[in-house]
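First the structure, in the form of structure tokens, and then the observations on it.
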């Protein structure tokens, strides 16, 4: 499944580059992805008794004039080929490709408590300097972490959580006691 999603995303990315419409494709792909993640939309596309023609009509009514005609053509192609399950993964890959092209990355940050604006900006700034890219933050709260952040950005994991430190300390104490 991943391979076909990457092929679709690559084709859309190439179209965006050739038409100098990278930023348009990015905003449209984000909008489409967010819209199509809705549970009612998912049920519509996964329902076996709804015909391809009805699904295409939904796209035309919902998105015609709002998205690039090549993006709309992609949506119809996916429906016609009965490959709707590749739609959201392809849009996600396309978004990643364009963000990398624009030297932008999104960092997923888990923390035990919410970050205030000043803390978030300091973290964003530090990551931007380290990666030499514009970093957007996707902040989530997970009380199980106890304290400290867990960050996934640009293929890297950074685990500064108290939970990890306790796990490391426990491991080191066991190693020390067996020596």
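The values are calculated or read from the model by the stated rules, or taken from the named source; none is laboratory data. Small disclaimer: the values here were computed from a predicted structure and weren't measured. Reconstructed Cβ throughout: ideal geometry from the backbone, glycine too, with neighbour counts over all protein chains shown.
Values as computed for the structure displayed
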{"item": "Selection count, the stretch 1-40, where residues are within 18 Å of residue 100 (Cβ to Cβ) and out of contact with any strand residue (DSSP E or B) (no Cβ under 8 Å at 6 or more places or on another chain)", "result": "26"}
{"item": "Cβ-Cβ under 9 Å pairs, at least 6 apart or on other chains, the stretch 121-134 side free of Cβ contacts under 8 Å to residues at least 12 places away in the same chain, far side exposed (fewer than 15 other Cβ atoms within 10 Å of the Cβ)", "result": "128/134"}
{"item": "Residues satisfying the stated conditions in the stretch 96-120, i.e. within 18 Å of residue 158 (Cβ to Cβ), in contact (Cβ under 8 Å) with a residue 24 or more places away in the chain and not in a loop (DSSP other than H, G, I, E, B)", "result": "105, 106, 107, 108, 109, 110, 111"}
{"item": "Residue in the stretch 162-179 that is touching a helix residue (DSSP H, G or I) at 6+ places or on another chain (Cβ under 8 Å) and surrounded by 15 or more Cβ atoms within 10 Å (Cβ to Cβ) present", "result": "yes"}
{"item": "Any pair with Cβ under 8 angstrom, 6 or more apart, that starts in the stretch 33-58 at a residue that is assigned by TED's automatic domain parsing to the domain that holds residue 78 and surrounded by 11 or more Cβ atoms within 10 Å (Cβ to Cβ) and ends at one that is at pLDDT 85 or above and in a loop (DSSP other than H, G, I, E, B)", "result": "44/50; 52/82"}
{"item": "Selection count where residues are in contact (Cβ under 8 Å) with a residue 40 or more places away in the chain and crowded, with 17+ Cβ neighbours inside 10 Å, scope the stretch 77-90", "result": "6"}
{"item": "Residue that is nearest to residue 108 (Cα to Cα) [pool: residues in the stretch 145-179 that are touching a residue at least 24 places away in the same chain (Cβ under 8 Å) and part of a helix (DSSP H, G or I)]", "result": "145"}
{"item": "Given (1) in contact with a strand residue (DSSP E or B) (Cβ under 7 Å, 6 or more places away or on another chain); (2) buried (at least 17 other Cβ atoms within 10 Å of the Cβ); (3) not in a strand (DSSP E or B), index of the condition residue 93 fails", "result": "(1)"}
